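What follows is calculated from the coordinates using simple rules that are stated; it is not laboratory data. Note that this is a predicted model, so its numbers are computed, not measured. Every residue, glycine as well, gets a Cβ built from its backbone with ideal geometry; the counts of neighbours run over all protein chains shown.
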Amino acid sequence: MHNGADYWEKKYQNKDTGWDIGHPSTPLTHYFDTIKDKSLKILIPGAGNAYEAEYLHNKGYNNVHIVDISKSVLQSFSIRVPSFPTPHIHNEDFFIHSGNYDIIIEQTFFCALLPELRNTYVEKMHLLLKKEGLLVGLLFKIPLYDDHPPYGGNKEEYIDLFSKKFNILKMETSYNSIPPRAGNELFIKLQKKEQ
């Protein structure tokens, strides 16, 4: 199964991590630099090497949490960023994670999930966010693969998917993507709707 722990653990063990750019994504660091309240509770699901979490932590954001299904990648993160609070590192399936967050960051997690899980992803994001909470990040706006991650999509599909549970504050082509992804990413800022 393409979203099971064994699948992702093997990817990290074999260093088969083509999605990993080796540093925090530029559109996200630019967004992070606009957040004034460093106490906001932030979640990064499917965090992998969690460069964005490291960036936030080093900037003094003290309530950042990461979730990943791979144990080894989180162990590597703990070694790389030893001052990151251990209770904020969650080795579990995102879909069983519980919590209440001001902001959730999307960075190559959505595209890693089987497409049939996308509605479940939207429901779970809505559940985990506080009132008026934000889902912020990047989505690929190209087809990509049908039989294995990363799975792509398009803006129209995403609007239809997210607008049931979120107000779409921003969904536009990212102007500051890294060069290999230029023109292929949508920057999203979605606000939880109260049902």
When the range 157-195 is checked residue by residue, the ones that are touching a Phe, Trp or Tyr at 6+ places or on another chain (Cβ under 9 Å), over 20 Å from T108 (Cβ atoms) and assigned to a strand (DSSP E or B) are I168, Q191, K192
What number of residues within the range 56-78 satisfy the criterion of being under 22 Å from D93 (Cβ atoms), small (G, A, S) and out of contact with any strand residue (DSSP E or B) (no Cβ under 7 Å at 6 or more places or on another chain)?
3
Tell me whether the range 159-166 contains one or more residues that are touching a helix residue (DSSP H, G or I) at 6+ places or on another chain (Cβ under 9 Å) and polar (S, T, N, Q).
no
I35, sole failed condition from (1) in contact (Cβ under 8 Å) with a residue 40 or more places away in the chain; (2) within 23 Å of S177 (Cα to Cα); (3) buried (at least 20 other Cβ atoms within 10 Å of the Cβ); (4) not polar (S, T, N, Q):
(3)
Can you name the number of the only condition in (1) buried (at least 20 other Cβ atoms within 10 Å of the Cβ); (2) more than 22 Å from D68 (Cβ to Cβ) that I188 fails?
(2)
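In the set S174, S163, which member is within 21 Å of P27 (Cα to Cα) and either of a type in the set (S, T, N, Q) or surrounded by 13 or more Cβ atoms within 10 Å (Cβ to Cβ) (or both)?
S174
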Might you check whether a residue that is among the hydrophobic types (A, V, I, L, M, F, W, C), more than 21 Å from A47 (Cα to Cα) and either touching a residue at least 40 places away in the same chain (Cβ under 8 Å) or assigned to a strand (DSSP E or B) (or both) occurs anywhere in the range 132-143?
yes
How many residues, within the range 46-65, are touching a His at 6+ places or on another chain (Cβ under 7 Å) and buried (at least 24 other Cβ atoms within 10 Å of the Cβ)?
1
